[in-house]
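The values are calculated or read from the model by the stated rules, or taken from the named source; none is laboratory data. Everything numeric here is computed off the predicted structure, so don't read it as measured data. Neighbour counts run over all protein chains shown; Cβ positions are idealised from the backbone, glycine included. Calculation scope for accessible area: heavy atoms of the full protein, side chains included, ligands and nucleic acids excluded. Shrake-Rupley method; radii C 1.70, N 1.55, O 1.52, S 1.80 Å.
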4 protein chains.
Amino acid sequence: MSGSTFGTIFRITTWGESHGPAVGVVIDGCLPGMPLAEADVQKELDRRRPGQSDISTPRKEADVVAILSGVFEGKTTGTPISMIVRNRNVDSSPYKELRHTPRPGHADYPYEIKYGIRDYRGGGRASARETVGRVAAGAVARKILAGHGIDVVAHVIELGGIRARGCEIAPPGISDVSVVSNMSEMKARIEESPIRCADPDAGAAMLELVRSAREDGDSIGGIVEIIATGIPAGIGEPVFDKLDADLAKALMGIGAVKGVEIGAGFRCARMRGSEMNDAFRISDSNGTVMPETNHAGGILGGLATGAPIVCRIAVKPTPSIAMPQKTVDLRTMSEAEITIKGRHDPTIPPRMVPVAEAMVAIVLTDHLLRDCSTKTYIPER
Amino acid sequence: MSGSTFGTIFRITTWGESHGPAVGVVIDGCLPGMPLAEADVQKELDRRRPGQSDISTPRKEADVVAILSGVFEGKTTGTPISMIVRNRNVDSSPYKELRHTPRPGHADYPYEIKYGIRDYRGGGRASARETVGRVAAGAVARKILAGHGIDVVAHVIELGGIRARGCEIAPPGISDVSVVSNMSEMKARIEESPIRCADPDAGAAMLELVRSAREDGDSIGGIVEIIATGIPAGIGEPVFDKLDADLAKALMGIGAVKGVEIGAGFRCARMRGSEMNDAFRISDSNGTVMPETNHAGGILGGLATGAPIVCRIAVKPTPSIAMPQKTVDLRTMSEAEITIKGRHDPTIPPRMVPVAEAMVAIVLTDHLLRDCSTKTYIPER
Amino acid sequence: MSGSTFGTIFRITTWGESHGPAVGVVIDGCLPGMPLAEADVQKELDRRRPGQSDISTPRKEADVVAILSGVFEGKTTGTPISMIVRNRNVDSSPYKELRHTPRPGHADYPYEIKYGIRDYRGGGRASARETVGRVAAGAVARKILAGHGIDVVAHVIELGGIRARGCEIAPPGISDVSVVSNMSEMKARIEESPIRCADPDAGAAMLELVRSAREDGDSIGGIVEIIATGIPAGIGEPVFDKLDADLAKALMGIGAVKGVEIGAGFRCARMRGSEMNDAFRISDSNGTVMPETNHAGGILGGLATGAPIVCRIAVKPTPSIAMPQKTVDLRTMSEAEITIKGRHDPTIPPRMVPVAEAMVAIVLTDHLLRDCSTKTYIPER
Amino acid sequence: MSGSTFGTIFRITTWGESHGPAVGVVIDGCLPGMPLAEADVQKELDRRRPGQSDISTPRKEADVVAILSGVFEGKTTGTPISMIVRNRNVDSSPYKELRHTPRPGHADYPYEIKYGIRDYRGGGRASARETVGRVAAGAVARKILAGHGIDVVAHVIELGGIRARGCEIAPPGISDVSVVSNMSEMKARIEESPIRCADPDAGAAMLELVRSAREDGDSIGGIVEIIATGIPAGIGEPVFDKLDADLAKALMGIGAVKGVEIGAGFRCARMRGSEMNDAFRISDSNGTVMPETNHAGGILGGLATGAPIVCRIAVKPTPSIAMPQKTVDLRTMSEAEITIKGRHDPTIPPRMVPVAEAMVAIVLTDHLLRDCSTKTYIPER
């Protein structure tokens, strides 16, 4: 059954396989009248593409986006925006010999069972290449959010057990954190880092670790944090389409993500109510109500509180490793051993950053638009 | 905007406020011809209701369910099943004085901002009482699942930092775990425990801790694990409606949940690929393909692998605590102090168990039905 | 699969069978802060219920509505509104003997095939009684519309071949029609008429005809017109959720409706473009653009033009007739003859009026709310 | 808000503007394992494209489809199928001068009001060119249906008041009609006719009339009938997603359609119940239950009866006529006169045929897949 569409009002549908002719996305429900150029989208795709440092796959994907509809004379028209990125010719032959021996940690096996057929080349539909469409749509969402003063930034806060310092957000409380008060500086630091870690020292250590794992033919996991600022209080739709519920779906639905937490997250299991509860106060800056700390991660009862939204995702180590692995041969139903060839990113979190930002931006845009209907009551005359 | 409906084919809509006349649920898309009696649902509601031990609120909710439609001569008809539970008369007066001073950690403030009006009595729509509808719908889902050999069980694995032992599931691998091979024993132990912990020693220590927190006028958080066995490989709908994505949405959308993880979850951030990847083998018992370990928690690429599905959720400490708390008065926009009266559960996880089971059962039922259309191709004659 | 929910933002779910304990509806997505009392809904249910004249079934359904959620201190809270109407005890025995012999023109046969089980009493889920929920939801929709200056009225324009005169709307052009300029007078005339026909002479002849058909043990069909005024230009969501497409779905989905047309409708097949096209002019009254005639029925390209929306529906003669009818016995798979007992409305259109109004009101409310997101673009600062 | 997606399980999203770079469609939810080639789709696009006779626009659209995803080694994979058709370079200049003067009978005016911006070239999104995506998706749907023995055919039954004879379907009863028993002959006759009328004499007269209307600079309307055979009884999802309701939405949502009827349609308004009701009998051919006549058009209570499904749609005369027309200039808000240049089809119904077939095929496919979940109950062991 269909599951390739996400969102309710701002709605995206991605399509495409890793080694097919192209990948793409259709955005339905974008606001009309917004300036939009291919360069707006290209910028984000460039952040996503591989080959940006020595720890990402050297495959030089040009990933040039073309906007095929929904934009006229440089502005969105409110009609569907279709975007396409051609796949470069890549050698599919290494995948051929893995056709009947599902790779551990990959989607090969359940795809085979579900569909009885799959494009096994490069992971087919289950490839990370599918995220091209998400990032392209996210670029459009970010432009809408920017008009509302909303910004989204992600960074690697842990890799292979090494933790970034001085750049964490939520638990200690908003006011302690330079990050949010200086979002642009933080973003610059993240973009400079090949690991996309805002703490340069930790970033250097992480880079070392990644290189060493690659030497071993192995891979490492990590944690990415996503922060969104400027969300108006009240965004979210109880009781099932809560803001945190939709963020969890959006983030858990990215390949390799195995956990999602909001605010204090799993740490809350060891906290007491007196510590976890964020007291309300009157903000000095603008006189609105604002939580004093942000253990809630900007969301209470599924609705934004006005504080920054803070999510963290656990990203598993890349399943494509160079070591031999045990699996089964689906033709003979006997056990087998495979070795995955070619070069693969030894760690995913740095490249996850633009994808996670995109998904959060899409959820926030959708909920921003969903919320607007709540305000439209006009008394009967 | 509407957000009170969950699911695609097996679809539930809950309604009702804590101190309104009733709460309820409509299930649309239930299979026809299935025996269903109020007792099937009542059983689960009885597991959910408060007053079952000295650490849950003494409010004696009878919570008697009535099925108003969709069942004829003891069987489902495939038409919507409407279920209703009348609210007992409860004293709303303690909430009156909190009307303009939002309780920290509760949804009061963002509801007020979003809607401009709210039923403040007992938390209104944001009350845990809303989960009555979820549990009732979950009871129906569980009957469908049972026909397919699928079982769902949840238990408290950590409370206030105390961890249960000998009853963890996924990470060490399936075969190590007596739990799955002896699901019925595990369920019995969980039901016997006032904490719903399968490890009696840990359970006793947890109980002590909860009592002590209550003495302090405070509350404690914990972690609940949910295990589902018998899921056929291939269930799930990429790329957005992945099984883990929908589980994450369903679970994060329960009040007080701040984190969701699948399989190894956040631990995967510190694992290497060679450790995280679950090798495939041929199962001794039935000759099918089965992962040797289950760090994936039963899901790869958003599709079930056939191994048990394992989720864990972080549950925050009850926000209603007896200590004085700082907040603001929304009338005067000045800072204020409140004390929440009445008795409240000092910890949520034990009562979260049937709710989490219900939400997982609903997701699995929906995806089981969604998957069926994948199998219907008939070659053109 | 589930099909009992209608609408996208203003979303209704109906439930209940004719002879079950109750019927009802849950509205999700109603605007907060709107005054709403049971009397607002009761008023419309009273217009719907049978026994209002000698040509409708004498079954005295009290049809008293109770609002169970979503309203607090007399105002909507933005949370789901659950409404319930208890079914009176009615004698189901006449249906028992028809259990295995599907009534011609009724849903009995395909329900049996689809579900393998059905509540055969009084038509079960396929009974016109299901429209109680629609009318209740429509009453809420109408209150929202009233705030936007939108009104909806329906009337019988043809019955058994007798056509009402002097009260047609669209084709001749808006300005010719007293009806729209005097909506309240028209409504009064319609409510006075047992046939709900605005032309008293035609109404009298129709009434005669209906009585005569009843004498014959037969039934007659007719046409109902629905007019909505005050719709802002631009409402509707191309290319599939066009306003006329959603109206067609809503109206064709009412039992007994076999045709839907907008504006000139089927007459347009015999018109030329030079006649059909409505020229635009500047309205004298308010300086806005307005079509000079209204063959389009207020909709172009699936979007409202600002002119009154005009739909017409063909309503088949009541399938429950007193004459013997040929059918099959599903047990023996042999041909059989049945006679339907009890009293049934000899014509449906008069009672269709409030139902059709309700469905149009629901579509318009949903689209009014859907449109609001189109207006929210804020340029990036 | 988004409205460019249609269907629930078999789900299509169209995109593209008339004079933009391309138009296309994404199908999500197609069954895996079905042979699919571009030729399957091209065949239907060739039936749709203009320039097939002297009464359609001479614009030579090549309309070559490319399948970009979802097909591997000649078979569908169950993942989204993206199809694209490049637009040929066409001269947009004639539209430039109409930019501020909305064409009567076109969507120009309400698009301008709704979106504040529109691609005015060739009608932009509201152009009939959008139906390329529908026809492409319909071609895929038809392949699925063919496997289930379901066929869909449409033909022009009335044009400018001239009615085809000897090829009507439903009302007189199935058995009287050679058409259904000889579907392939009927299809051949339809394809031979430039008008797509199965009655050659009527077709010739219609052609004459169309030419004469074109001479006058005018256009004519007509009626298209769509017949689907082989639908299993029980397909459809009450109470809102009834089969007739979804057909009505799908058909009314095609540009230029102003009315939809099922079976006897508007004629039922003048029938008595004793005439309208279709008696059930045991079919001689296969021993199943079958209605003796088919005034119901194959649908009762929103569910298929097993008899052929018969719909008719009223198609308005082409709004683009050569005569001068009155409109307004939106810049000055003053009245204006325009003359539409270029060549336009003087009648739409012949080209509507493949589009209407496509939409009916899409609805039937979606409902066929939706129905499958109804059959999956397995008793608890």
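Across the stretch D:131-143, a minimum of one residue is classified as at the interface with another protein chain (Cβ under 10 Å from one of its Cβ atoms) and touching a strand residue (DSSP E or B) at 6+ places or on another chain (Cβ under 6 Å). Among the residues of this structure, D:Ala322 does not count as one that is open to solvent by less than 10 Å² (accessible area, probe 1.4 Å) and of a type in the set (Gly, Ala, Ser). Exactly one residue among C:Ala66, C:Ala62, C:Ala22 is touching a strand residue (DSSP E or B) at 6+ places or on another chain (Cβ under 9 Å) and more than 9 Å from every other protein chain (Cβ to nearest Cβ), and that residue is C:Ala62. Once the stretch C:261-279 is narrowed to residues that are part of a strand (DSSP E or B) and closer than 24 Å to C:Asp371 by Cα, the residue that is most open to solvent (accessible area, probe 1.4 Å) is C:Glu261. Applying the criterion of being small (Gly, Ala, Ser) and buried (at least 24 other Cβ atoms within 10 Å of the Cβ) to the residues of the stretch B:229-251, the residue that is nearest to B:Cys372 (Cα to Cα) is B:Gly236. Scanning the stretch D:78-101 for residues that are in contact with a strand residue (DSSP E or B) (Cβ under 8 Å, 6 or more places away or on another chain) and among the aliphatic types (A, V, I, L, M), which turns out farthest from the other protein chains (Cβ to nearest Cβ)? Step by step, filter the stretch D:78-101, then rank; the result is D:Leu98.
Scanning the stretch A:252-279 for residues that are more than 7 Å from every other protein chain (Cβ to nearest Cβ) and β-branched (Val, Ile, Thr) yields A:Ile254, A:Val257.
The condition of being of a type in the set (Val, Ile, Thr), touching a residue at least 40 places away in the same chain (Cβ under 8 Å) and in contact with a Lys or Arg (Cβ under 7 Å, 6 or more places away or on another chain) holds for only one of D:Ile223, D:Ile227, that being D:Ile223. In the stretch B:207-228, the qualifying residues are those that are within 12 Å of chain A (Cβ to nearest Cβ) and part of a helix (DSSP H, G or I), and the one that is most open to solvent (accessible area, probe 1.4 Å) is B:Arg214. Considering only the stretch C:31-42, I want to know if a residue exists there that is touching a Pro at 6+ places or on another chain (Cβ under 9 Å), open to solvent by 10 Å² or more (accessible area, probe 1.4 Å), more than 24 Å from A:Phe240 (Cα to Cα) and free of Cβ contacts under 8 Å to residues at least 40 places away in the same chain. Scanning the stretch C:31-42 turns up no residue that is touching a Pro at 6+ places or on another chain (Cβ under 9 Å), open to solvent by 10 Å² or more (accessible area, probe 1.4 Å), more than 24 Å from A:Phe240 (Cα to Cα) and free of Cβ contacts under 8 Å to residues at least 40 places away in the same chain.
Let's see how each residue does on (1) open to solvent by less than 10 Å² (accessible area, probe 1.4 Å); (2) under 30 Å from D:Ala269 (Cβ atoms); (3) at pLDDT 95 or above:
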| site | (1), (2), (3) |
| --- | --- |
| D:Ile313 | yes, yes, yes |
| D:Pro317 | yes, yes, yes |
| D:Arg331 | no, no, yes |
| D:Leu364 | yes, yes, yes |
| D:His367 | yes, yes, yes |
| D:Arg370 | yes, no, yes |
| D:Thr376 | no, no, no |
| D:Pro379 | no, no, no |
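Just one of the numbered conditions (1) at pLDDT below 90; (2) within 30 Å of B:Leu369 (Cβ to Cβ) is not true of B:Pro172: (2). Condition first: among the β-branched types (Val, Ile, Thr), within 12 Å of chain C (Cβ to nearest Cβ) and without any contact (Cβ under 8 Å) to a residue 12 or more places away in the chain. Can you find one or more residues in the stretch D:111-118 that meet it? Yes: the stretch D:111-118 contains one or more residues that are among the β-branched types (Val, Ile, Thr), within 12 Å of chain C (Cβ to nearest Cβ) and without any contact (Cβ under 8 Å) to a residue 12 or more places away in the chain.
Kindly indicate whether any position in the stretch D:110-122 is open to solvent by less than 10 Å² (accessible area, probe 1.4 Å) and of a type in the set (Lys, Arg). Yes: one or more hits. Within the set A:Ser56, A:Ser92, A:Ser2, A:Ser18, the sole residue that is free of Cβ contacts under 8 Å to residues at least 40 places away in the same chain, open to solvent by less than 40 Å² (accessible area, probe 1.4 Å) and polar (S, T, N, Q) turns out to be A:Ser2.
On the stretch given as the stretch D:9-51, residues that are of a type in the set (D, E, K, R), over 21 Å from A:Ile67 (Cα atoms) and part of a loop (DSSP other than H, G, I, E, B) total 1.
Of everything listed in (1) open to solvent by 40 Å² or more (accessible area, probe 1.4 Å); (2) at pLDDT 95 or above, the single unmet condition for D:Arg189 is (2).
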